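First comes the structure, then the notes that go with it.
The values are calculated or read from the model by the stated rules, or taken from the named source; none is laboratory data. Predicted model, so just to flag it, every value in this text is computed and none were measured. Cβ sites come from the backbone with ideal geometry, for glycine too, and all protein chains shown count toward neighbours. Ligands, DNA and RNA are excluded from the accessible area calculation, which covers all protein heavy atoms including side chains. Shrake-Rupley method; radii C 1.70, N 1.55, O 1.52, S 1.80 Å.
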Amino acid sequence: MIKVIGVNKQFEDVQAVKDATLEIKRGHIHGLLGPNGAGKTTLIRSIVGLYDIDAGEIRINGERLTRDNHVLKSKIGVVTQHINLDKELTLDENLEFAGRLYGMPKALVKTRKMELLKAFGLESAKDRQVKKSSGGMKRKLMIAKALIHDPELIILDEPTVGIDVKARKEIWEMLLRLRNEGKTMLLTTHYIEEAEYLSDMISMINQGVIFHTNSVDVLVKQVGLYCHEYHDGHHIRKCFFENLDAAEEHRQAYKGNSMVRQTQLEDVYTELIEAQVNDSGN
Ligand SMILES: Nc1ncnc2c1ncn2[C@@H]1O[C@H](COP(=O)(O)OP(=O)(O)OP(=O)(O)O)[C@@H](O)[C@H]1O
Ligand SMILES: [Mg+2]
């Protein structure tokens, strides 16, 4: 569905995205993980045609995305990292405005608004001004706004940042529902468990370079299915093993705070990002 081929994007002295290649399959949720400043937002803004890229190309359904390809752009819904709602308007009016911007007929905007307010549990708050709404409501409205024109492809840049567990879980359910309807999604998040729970595929990015694209299961297997985590008197250490017996055997040698558990995506993330930082430092 989306192909990112050899994309580069430079800002003055920063090479924000370096030769990025990525393929996102139709109907998948693809998680993009990386530390602050890794290049996630720059890559997303390039994919949705907001930046002129320096090299490479973006293809959506085989078609080349350029800044003025408005037909293709109308198939994409974008949830930006920073809240870009009109604070003075109500939730309902924000959706109305978004629908009008896409040139949707009035009656269709009305139907879509109602569907989305209901789906996100925002019906009773629809006439509240955004500035009087909670953080969870705003983040839900950001997603609803991106869905107003029923896009095939949804790009979400940290959609659940700073909201409580309940609102986050509701958003997760919504994203999985959209996935079951066949939508394709690219998601960035600093909540690794969010990516682990939602994503069919994960890519990691660091210093503009994409590496280790794979499913959670494969990534975990690459590092080792079991983790022996212990404190060596100074630091928390982790050792990874292919099987439980080997991990338990390693544990026998340590006293004190020490446990064997299944490896999580968070362990993989830390291992691989650190290895990449060390590689690029050499
Ligand atoms: N408009 C810009 N002008 C100059 N430099 C920029 C611009 N946007 C981003 N950068 C730089 O490009 C690099 C990548 O930034 P980007 O915002 O893509 O990272 P990110 O992975 O989204 O980080 P975060 O997790 O903090 O959102 C950083 O070094 C950043 O300072
Ligand atoms: Mg960002």
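Whole number in Å², please: accessible area per residue of the chain, 1.4 Å probe, ligands, DNA and RNA not counted. If you can, show how the numbers build up before the last one.
Details: 14460 Å² over 282 residues.
Accessible area per residue, the chain: 51 Å².
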The range 1-75-the range 226-282 distance, computed between alpha-carbon centres (Å): 34 Å
Cross-link partners among lysines for residue 3, C-alpha distance below 30 Å, same-chain residues fewer than 8 apart left out? 18, 25, 40, 73, 75, 140, 145, 169, 183, 221
Evaluate the distance, in nm, between pseudo-label points positioned 7 Å from the Cα of residue 26 and of residue 261 along their respective Cα→Cβ axes. 4.0 nm
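Leaving ligands, DNA and RNA out of it, report the carbon-plus-sulfur percent of the accessible area of the range 170-282 at a 1.4 Å probe. Spell out each step's value before the answer.
Numbers: 2810 of 6190 Å².
That share works out to 45 percent.
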Checking the a/c ratio against 1.5 first, then a/b against b/c, what shape does the Cα gyration tensor give for the range 223-281? oblate
Express the carbon and sulfur contribution to the solvent-accessible surface of the range 1-82 as a percent, rounded to the nearest whole number, probe 1.4 angstrom. 47 percent
Considering only DSSP states other than H, G, I, E and B, which trypsin sites (Lys or Arg not before Pro) in the range 107-215 qualify as loop sites with at most 16 other Cβ atoms within 10 Å? 128
Can you run phi through the Karplus equation (6.51, -1.76, 1.60; θ = phi - 60°) for the range 49-64 and list ³J(HN,Hα) in whole Hz, with x for Gly and Pro? x, 8, 10, 7, 7, 7, 7, x, 8, 10, 10, 10, 6, x, 9, 6
